[in-house]
1. For segment 215-310, I need the span (max minus min coordinate) of the C-alpha atoms along each principal axis, in Å, sorted largest to smallest.
2. Can you list the aspartates and glutamates whose alpha carbon sits under 16 Å from that of K409, skipping same-chain ones fewer than 8 residues off?
3. Calculate one ³J(HN,Hα) per residue across segment 101-111 by plugging θ = phi - 60° into the Karplus curve 6.51 cos²θ - 1.76 cosθ + 1.60, and present them in order as whole Hz with x for glycine and proline.
4. Would you report the distance distribution of C-alpha pairs in the chain as whole percents per 10 angstrom bin, up to the bin with the largest distance?
5. Using only alpha carbon pairs under 8 Å that are at least six residues apart, calculate the relative contact order of segment 149-244 and give it in whole percent.
6. Report the local net charge at T518: Lys and Arg +1, Asp and Glu -1, summed over other residues whose C-beta lies under 14 Å from its C-beta.
7. Give me, ordered by chain and number, the residues 5 or more places off N61 or on other chains with an amide H under 5 Å from its own placed amide H.
8. Taking the Cα centroid of segment 488-508 and of segment 245-259, what is the distance between the two, rounded to the nearest whole Å?
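The values are calculated or read from the model by the stated rules, or taken from the named source; none is laboratory data. The structure presented is a predicted model; accordingly, all values stated were derived computationally and were not measured. Using ideal geometry, Cβ is built from the backbone for each residue, glycine included, and neighbour counts are taken over all protein chains shown. Remember, those area values only see protein heavy atoms, side chains included, never the ligands or the DNA or RNA. Shrake-Rupley method; radii C 1.70, N 1.55, O 1.52, S 1.80 Å.
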Amino acid sequence: MTAKPMTRTRCDRTPAWSELRACYEAGGRQFDLRTAFAADAQRFEQFSQSAPHVFADLSKNLIDAPTQQLLLDLARQCGVEAHRDAMFAGEAVNSTEQRPAMHYLLRTPNPALAGQTQPAIKYVADELRKVHATLDAMLAYAQAVRAEEGITDIVNIGIGGSDLGPQMAVLALDAFVARGKTFHFVSSVDGHELSKVLRQVRPESTLFLVASKSFTTLETMTNARSAKAWFEAQGGQDIARHFCALTSNVAAAREFGIATTFGFWDWVGGRYSMWSAIGLPIAIAIGSECFRELLAGAHAMDEHFRMAPLAQNLPVQLALLDVWYRNFHGFGSRSVAPYHSGLRRMQAYQQQLEMESNGKRVDERGEALPYATSPVVWGEPAANGQHAYFQMLHQGSDVIPVEFIAVKKVAHALPEHHHKLLANALAQAQALMLGQADPGGHRHLPGNRPSTFLLLDELNPSSLGAIIALQEHRVFVAGSLWGINSFDQWGVELGKVLARDMETRLSSGNTEGLDASTAGLLARLRS
Ligand code: F6P
C-alpha cells in the first residue's frame, strides 16, 4: 500500500464555491422548474443521463446549464478526479486509519479468467488474488448449503454493515431466491429479535452465520453466544456444520468456537462489505451465478465512475446536486422513494452508507468545517409513504428533495398493479414539481419541489449491484468535495464505551459521578 498525501482542495477554498454563492444569490434561489421546462423543450434530454443499468432523469432538479457547469468546475477544482484515482490505486484514502478503501476490488473480475492484465500496482494485484480465492471458496460453500435439503433456515447474526446490505439484497432479489430456505436477520441486542427467530427454527436444520468485521461488536457477540448456547441446550450437534463466521478477525471467530470461517480485509469498510464474505447470505439465497452478476453490475458502475467524463458521470452528478442542495439551498434531508416493495430496506441501507460516511464536522485534517455535510437520508417504500409523510413533502415548510426509484418490468403476473404503481410514481414527481394554485387556501401546493427519478429496466442482481455502487460512489464524491474522510466512523465509539459502563452500573446500582438524568433513569429501571 502506498500512503502518498492527497492533493485535495476543500470546496469552500475554490473559486467555484464563491461563484456558486453568487449564482445562487443572483437567481438560483428563485429558480423555478415550471418556467425552466416552459423555456426549454430539451430540458429532459439535457438533464437526463444513462449509466450501467440505471437511467437517471435529473431534469426536475433546481439547476440550469450554467449552474451545472459551475458545479463541475467545483468538482475539478476540489480534485475529485485525482481523489477517485487515488482510491482506485489503493492509496490510503481512509486517512485517519491509514487504510485504503478498496471495496471496488471485491467486484473486480478475476484477471486470470477475464483475460485482462493484472492491476499495475503489486499490492492491489496481491489483494485481488486473495479476493478471488475467498470468493471462489465462499461461493462453493454457498452452493453446498443450497444443495443441502436438511438446512432449511439461515440465521444471519450481524449489525450495521454486517446486516443492512445482506438483508436489503435478499429482500430486493426475492424473485431469485431459492425456495425451501428461509432467511432470518437478527441484528439488535434486544432479545425479542433472537428469541422470536429461535422459536421458529430447529437446531438440526439451521445454519447460523455470525457476521462481524471486528468480531467484537457487543450486539453480535451477545446474540452469537445466546444462539450457540441455545443450539447446545437443544442437543444440537456439530457446531462446524451449523455455525459459520464471516469476519476479518478469523482468530477471534476460532476462539469463539467457530471453525468454518470466511475472511475479508481491513480495507473493506463495514458499510461497503456486502460484496465480501459478509454477502454469504445473499450468495446462499440467489446462488453463485447470480451473486457474480451482482458483482458484475457493481463493477460496471465502478468502471463508469472511473472512466466517464465528469459531465456524464452519474455518481458525480448526484453528489454535485447533494452539495448544491445542502450548502446553497440549505436543504437538510433527502427522501429515498422506492416504488418496489423489494426495495423496502433500501433507505435503511442508504442511511448507513451516507450518514455514517459523511456525517462529519471536521475535514480530513481535523479542522472544523464552516458548512453542513451529510443530509438526513430517510424514506419508506413510497407507495405507502404517499399515504403517510408525503403530505409534508408537498405542503410542509421544508423543501425535501426526493429520489424516486422505479422499475420498468416486474416479476409478478399482476400487470394492473404495476401500471398503477408506476402511474403513482410519475404523478408524485409531477405533483411535487407542478404544485396546485389555491392562493391563500389550504389546497395550495407550492410546487417547485425537486426530485430525481432513477429508473431500472428490471430489479435483478446486476441492476441492484449497479445502483448500490452508484450510491457508494456518490457518497464518496460528496465527501471528497466536503474535504472529509468518508471511510471512518469515530462518532459511534463513545456510545459503545459508555454502554459498557452502564451495563456494570445497571448490575451494581452505582450512580456515582453520573449526571442527574442518567442516574434518575437508571434508578427507575432498577426499582
Ligand atoms: O458501530 C458502527 C459499526 O462499526 C459499523 O460501521 C459496522 O458496520 C457495524 O458497527 C458492525 O460492525 P462489525 O461488522 O465489526 O460487527
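1. Largest first, segment 215-310 extends 59, 26, 19 Å along its Cα principal axes.
2. In chain and number order, the partners are D174, D457, E458.
3. 10, 10, 4, 4, 5, 5, 10, 7, x, 5, x
4. Bins of 10 Å from zero give 3, 17, 27, 26, 18, 8, 2, 0 percent of pairs.
5. About 38 percent, as a whole number.
6. For residues surrounding T518, the net value is -1.
7. S451
8. For segment 488-508 versus segment 245-259, the Cα centre distance is 24 Å.
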